Amino acid sequence: MGDQAASGIQVRGYTQADAASTLRVFREAVTITGAQRYTSEQTAAWAGPLDDDLPAWHASRASRPTIVAVADGEVIGFSDVNAEGYLHMLFVSPRFGRRGVATRLLAEVESRACAAGVGSLTVSASLLVRPLLERHGFVVESELAPQINGVTLTSFAMRKTL
């Protein structure tokens, strides 16, 4: 994380003003970055269920302790972890991929989980994020085949002891 791009990243708590930006990051990450490992049918199903329902997206983000990564005033990524240590989302804008943003978000999530006394983190990881999580000490417990709107995706139940 010592590179210059990562050092210019600020991480802070999510606010309602971040709803549109985090939804955009999610959609771009799924449809652009996700296209590297998933079919167009899979990425459309993954990105589609929200139907641009910004109030529902905000309610979902606000219901979890969500954090955002910001560079030059722009939201470039976000993540969350609940009280049980479940990491629900970790997404980075494709324009800022491979610059330490996900690593910075993951470090903050881990720090917050440790401070809350959580013993381990769990996640249902996509094909894309699995290698990153493995580099940071997560291990695969099982392969999953979740369905969204009748379309099956591949993901992995992963865990990291803190």
Under 5 Å, built H, 5+ apart or other chain: amide partners of ILE76: ALA69, VAL70, ALA71
Quick check on packing: order 71-79, 138-146 by the mean number of other C-beta atoms within 10 Å, highest mean leading. 71-79, 138-146
Identify the residues of the stretch 86-116 with backbone N under 20 Å of a label point that sits 7 angstrom from the Cα of VAL139 along the Cα-to-Cβ direction, or state none. 86-87, 110, 114
Taking a cut-off of 28 Å, what percent of all Cα-Cα pairs in the chain are separated by more than that? 15
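Every number here is computed from the coordinates shown, using simple stated rules; none is lab data. Because the structure is predicted, anything quoted here is derived from the model rather than measured. With ideal geometry, Cβ positions are generated from the backbone for all residues, glycine too; neighbour counts draw on all protein chains shown.
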